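Notes follow once the structure below has been shown.
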Amino acid sequence: MNLFKVFLAEDDEFYGKLLRHHLSLNPDFDVELFTSGGDLFNNLYKRPDVISLDYTLPDMSGAELLRKIKKQYPEIPVIIVSGQEDITTAVNLLKEGAYDYIVKDKDTKDRLWNSIRHIRENAKLKTEIDRLREEVNLKYDFSNIKGSSPAIRSVFKLIEKAAQSNITVSIYGETGTGKELVAKAIHYNSGRKKKPFVAFNIAAIPSELIESELFGHEKGAFTGAISRRIGKFEEADGGTLFLDEIGEMELHLQAKLLRVLQEKEVVRIGSNTPIKIDCRIICATHRDLTEEVKAGKFREDLYYRLLGLPIHLPPLRDRGNDIIILAKHFADEFAKENKMDKVTITPEAQEKLMRYHWPGNVRELKAVIELAVVMSEGGKITESEINFSSSNTIQNFFNEKGTLRDFTNKIIQYYLEKHNFNVLEVAKKLDIGKSTIYRLIKNKEITINK
Amino acid sequence: MGNMYNLRQLEELSGGMSEFVDSMIETFLEHTPSQLNDMVKAFKEGRWMDMGNLAHKIKPSIDLFEIPGIQQTIREIEKIGKSGTSAPDLEQKVMEVEKILNQVFNQLKNR
């Protein structure tokens, strides 16, 4: 672990040594003592983590040195230790950027210790936040949106263009196509990535709460408003506000949203004071907004305000081999996260994946693959481990490849399973001869394994 | 006469490092006599502010060596000095601090 570098400026050698020794008792601190401001300033290239300055140094005042340090190294916290119990001096120094002001008395060394300990804890938290932020950036890197089909490649180009500008983005696509993932990829690759990404799903919030959630409210603005609350627009200040399922917004709220977007300011419910907002808007919907506009369910002016750069996400069934690329990616990711051995997907299982209609798109594929990884044995996902739970079975049935004979056999197999392999009952139900079924069993075209 | 100082705080702070105790005594003997002389001189010349500032610098050593009787006196000199005016018993206070500190210097030199 790196030592926390502490610079002390104290012209009184006795007192300086005392403080240095006291702080050095912490094995994590590396303390360096300077007897003049100039000496300390000339050593700043060593990049201390914290500086403690005596207010009255022989060559310059603590205030003067503080200003010089803050001009060149604004990020280094500076603590002023002073014999003056003058509130005005303390306030002025704090205004000029001092982290703390400690009056010299018998408790100084303990106060200094505590102040430095707080700074160190904050620095550790900041490092942790930076690390997590970096992790999030990587998670939403373009490379994490998998696929090489022409349909998805054109989406990549649009994401890149969106990330390079501040333009409003509207994302269209069926449920499960990854609209939020694309919104995050745009945000975390844009100049706003260090500011918040706030996602708000309009369909998930009761309509009567949407207004206060989006714009915030003042204490007492309505029954239940027990304290002031900032809205999503304010929360996303400097960053990105992702309005998911925008097509579900009621008309009266659409008018309010339009006003906010035009004026670039919000007024909390129960307040008259407008608050300037600076956030990029990305919206998404699974609906065709042009149709909604024609039907009078979506305001035309808001539609054009939100349109910006439209990105249409292709349904998974139109992405060809991306299904396999994504399936392998999800299998690897799930195995890694669960500390399991890597699994492969057999060609038959891949074929089954390719034949399916994927009404739930990428989200459904992920769920199917994760279950398959759990059920797999011997490091292989076979056809039998690929199970679809979609209610759209008829659509899937017709999406399967095969001859009329294949389909006939499948129907008979389905009825056999449904009727507990009672051949007579199935023959009667389907109005076919029982010998037909026995022949298919004999030819191994259907099975009667219970 | 017994010691007019107590190394208890210093030893406690040292965490068992006798070199630290020796180093602090050395620093004390190196710097404080001249600070004391400067303080007495400032008093004699009526430079109250300088006198107060010097008293402020001497104060931590008096506390650390737990020198009895003058821990409060040095604070009073500092306060008077910073007020910018003299006080009726100031001379007595300065002389008292000078006398006791000189005794401590001798004792520490010969310990």
request  = Give just the number: which of (1) among the polar types (S, T, N, Q); (2) closer than 24 Å to A:LEU19 by Cα; (3) at pLDDT 95 or above does B:ASN37 not satisfy?
outcome  = (2)
task = Please go through the range A:90-118 and pick out each residue that is touching a strand residue (DSSP E or B) at 6+ places or on another chain (Cβ under 7 Å) and of a type in the set (Val, Ile, Thr).
result = A:ILE102, A:VAL103, A:THR108, A:ILE116
request  = Name, by its number, the condition in (1) outside the structural domain of A:GLU263 (by TED's automatic domain parsing); (2) acidic (Asp, Glu); (3) open to solvent by 70 Å² or more (accessible area, probe 1.4 Å) that does not hold for A:ASP107.
outcome  = (3)
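Mind listing whichever residues of the range A:41-58 are within 14 Å of chain B (Cβ to nearest Cβ) and open to solvent by 40 Å² or more (accessible area, probe 1.4 Å)?
A:TYR55, A:THR56, A:PRO58
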remark   = Residue hits (the range B:63-87; away from every other protein chain (no Cβ under 11 Å), of a type outside the set (D, E, K, R) and part of a helix (DSSP H, G or I)) are B:GLN72, B:THR73, B:ILE74, B:ILE77, B:ILE80, B:GLY81, B:SER83
task = Inspect the range A:99-114 for any residue being more than 14 Å from chain B (Cβ to nearest Cβ), under 39 Å from the mean Cα position of the chain (by Cα), among the charged types (D, E, K, R) and more than 23 Å from B:PRO60 (Cα to Cα) and give the result as yes or no.
result = no
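Taking the condition open to solvent by less than 10 Å² (accessible area, probe 1.4 Å), within 14 Å of chain B (Cβ to nearest Cβ), acidic (Asp, Glu) and touching a residue at least 12 places away in the same chain (Cβ under 8 Å), does A:ASP11 pass? Working first, answer last.
On the way: open to solvent by less than 10 Å² (accessible area, probe 1.4 Å): no; within 14 Å of chain B (Cβ to nearest Cβ): yes; acidic (Asp, Glu): yes; touching a residue at least 12 places away in the same chain (Cβ under 8 Å): yes.
No, not satisfied.
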inquiry  = With the requirement that a residue be open to solvent by less than 10 Å² (accessible area, probe 1.4 Å) and either in a loop (DSSP other than H, G, I, E, B) or over 19 Å from A:VAL103 (Cα atoms) (or both), what does the range B:42-62 give you?
reply    = B:ALA42, B:MET51
query = Is it fair to say A:ILE159 is among the aliphatic types (A, V, I, L, M), assigned to a loop (DSSP other than H, G, I, E, B) and more than 13 Å from the chain's Cα centre (by Cα)?
reply = no
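Per-residue answers, yes or no, for (1) under 12 Å from A:TYR172 (Cβ atoms); (2) without any contact (Cβ under 8 Å) to a residue 12 or more places away in the chain:
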| position | (1), (2) |
| --- | --- |
| A:VAL293 | no, yes |
| A:ARG299 | no, no |
| A:LEU306 | yes, no |
| A:LEU309 | yes, no |
| A:PRO314 | yes, no |
| A:ASP322 | no, no |
| A:HIS329 | no, no |
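From the list B:PHE28, B:PHE65, B:PHE43, B:PHE105, exactly one residue is of a type in the set (Phe, Trp, Tyr) and more than 26 Å from A:GLU85 (Cα to Cα). Which is it? Steps first, answer last, please.
Details: B:PHE28 fails: more than 26 Å from A:GLU85 (Cα to Cα); B:PHE65 fails: more than 26 Å from A:GLU85 (Cα to Cα); B:PHE43 fails: more than 26 Å from A:GLU85 (Cα to Cα).
Of B:PHE28, B:PHE65, B:PHE43, B:PHE105, the one residue that is of a type in the set (Phe, Trp, Tyr) and more than 26 Å from A:GLU85 (Cα to Cα) is B:PHE105.
Sort out for me the strands (runs of 3 or more DSSP E) sitting completely within the range A:184-277 that have 3 or more residues that are open to solvent by less than 20 Å² (accessible area, probe 1.4 Å) and closer than 27 Å to A:GLU291 by Cα.
On the way: elements: A:197-201, A:240-244, A:265-267, A:274-276.
Filter on the range A:184-277 gives A:240-244.
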Where A:LEU112 falls short, out of the listed (1) in contact (Cβ under 8 Å) with a residue 60 or more places away in the chain; (2) touching a Phe, Trp or Tyr at 6+ places or on another chain (Cβ under 8 Å) = (2)
message = Can you confirm whether A:SER61 is polar (S, T, N, Q), within 27 Å of B:LEU29 (Cβ to Cβ) and open to solvent by less than 60 Å² (accessible area, probe 1.4 Å)?
response = no
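Taking A:ASP86, is it open to solvent by 30 Å² or more (accessible area, probe 1.4 Å), in contact with a Ser or Thr (Cβ under 6 Å, 6 or more places away or on another chain) and closer than 28 Å to A:ASP12 by Cβ? Write out each step before concluding.
Working: open to solvent by 30 Å² or more (accessible area, probe 1.4 Å): yes; in contact with a Ser or Thr (Cβ under 6 Å, 6 or more places away or on another chain): no; closer than 28 Å to A:ASP12 by Cβ: yes.
For A:ASP86, the condition - open to solvent by 30 Å² or more (accessible area, probe 1.4 Å), in contact with a Ser or Thr (Cβ under 6 Å, 6 or more places away or on another chain) and closer than 28 Å to A:ASP12 by Cβ - is not met.
Quick one: in the range A:21-40, of everything that is in a helix (DSSP H, G or I) and surrounded by fewer than 20 Cβ atoms within 10 Å (Cβ to Cβ), which residue is farthest from the other protein chains (Cβ to nearest Cβ)?
First, the residues of the range A:21-40 that are in a helix (DSSP H, G or I): A:21-24, A:37-40.
Cutting the leftovers down to surrounded by fewer than 20 Cβ atoms within 10 Å (Cβ to Cβ) gives us A:22, A:24, A:38-39.
Working: A:HIS22: 6, A:SER24: 9, A:GLY38: 20, A:ASP39: 17 Å.
That would be A:GLY38.
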task = Scan the range A:47-60 and report the pairs whose first residue is assigned to a strand (DSSP E or B) and whose second residue is among the aromatic types (Phe, Trp, Tyr), with Cβ atoms within less than 6 Å and a gap of 6+ or a chain change.
result = A:ILE51/A:PHE7
ask   = When the residues of the range A:89-104 are filtered to those that are crowded, with 16+ Cβ neighbours inside 10 Å, of a type in the set (A, V, I, L, M) and out of contact with any Lys or Arg (no Cβ under 6 Å at 6 or more places or on another chain), which remaining residue is farthest from A:GLY62 (Cα to Cα)?
value = A:VAL103
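Table: residues versus (1) open to solvent by 60 Å² or more (accessible area, probe 1.4 Å); (2) aliphatic (A, V, I, L, M).
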site: B:GLN72; (1), (2): yes, no
site: B:GLU78; (1), (2): no, no
site: B:SER86; (1), (2): yes, no
site: B:VAL104; (1), (2): no, yes
site: B:ARG111; (1), (2): yes, no
key: Members of the range B:1-15 that are away from chain A (no Cβ under 11 Å) and either assigned to a loop (DSSP other than H, G, I, E, B) or not charged (D, E, K, R) (or both)   = B:MET1, B:GLY2, B:ASN3, B:MET4, B:TYR5, B:ASN6, B:LEU7
ask   = So which residues in the range A:146-195 are in contact with a Leu (Cβ under 8 Å, 6 or more places away or on another chain) and of a type in the set (Phe, Trp, Tyr)?
value = A:TYR172
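Which of the residues spanning the range A:76-93 are away from every other protein chain (no Cβ under 14 Å) and assigned to a loop (DSSP other than H, G, I, E, B)?
Residues satisfying the conditions are A:ILE76, A:PRO77.
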message = Between a residue in the range B:24-40 that is over 15 Å from A:TYR15 (Cα atoms) and any residue that is open to solvent by 10 Å² or more (accessible area, probe 1.4 Å) and acidic (Asp, Glu), which pairs come within a Cβ distance under 6 Å, given they are 6 or more apart or on different chains?
response = B:VAL40/B:GLU98
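Would you check if A:ALA163 is under 17 Å from A:ILE282 (Cβ atoms), among the hydrophobic types (A, V, I, L, M, F, W, C), open to solvent by less than 20 Å² (accessible area, probe 1.4 Å) and free of Cβ contacts under 8 Å to residues at least 40 places away in the same chain? Even if it seems obvious, please write down each step before you answer.
On the way: under 17 Å from A:ILE282 (Cβ atoms): yes; among the hydrophobic types (A, V, I, L, M, F, W, C): yes; open to solvent by less than 20 Å² (accessible area, probe 1.4 Å): yes; free of Cβ contacts under 8 Å to residues at least 40 places away in the same chain: yes.
The answer is yes for A:ALA163.
The values are calculated or read from the model by the stated rules, or taken from the named source; none is laboratory data. Predicted, not measured: the structure shown is a model, and the values here were computed from it. With ideal geometry, Cβ positions are generated from the backbone for all residues, glycine too; neighbour counts draw on all protein chains shown. Each accessible area value is taken on the protein alone, full model and side chains, heavy atoms only, with ligands, DNA and RNA left out. Shrake-Rupley method; radii C 1.70, N 1.55, O 1.52, S 1.80 Å.
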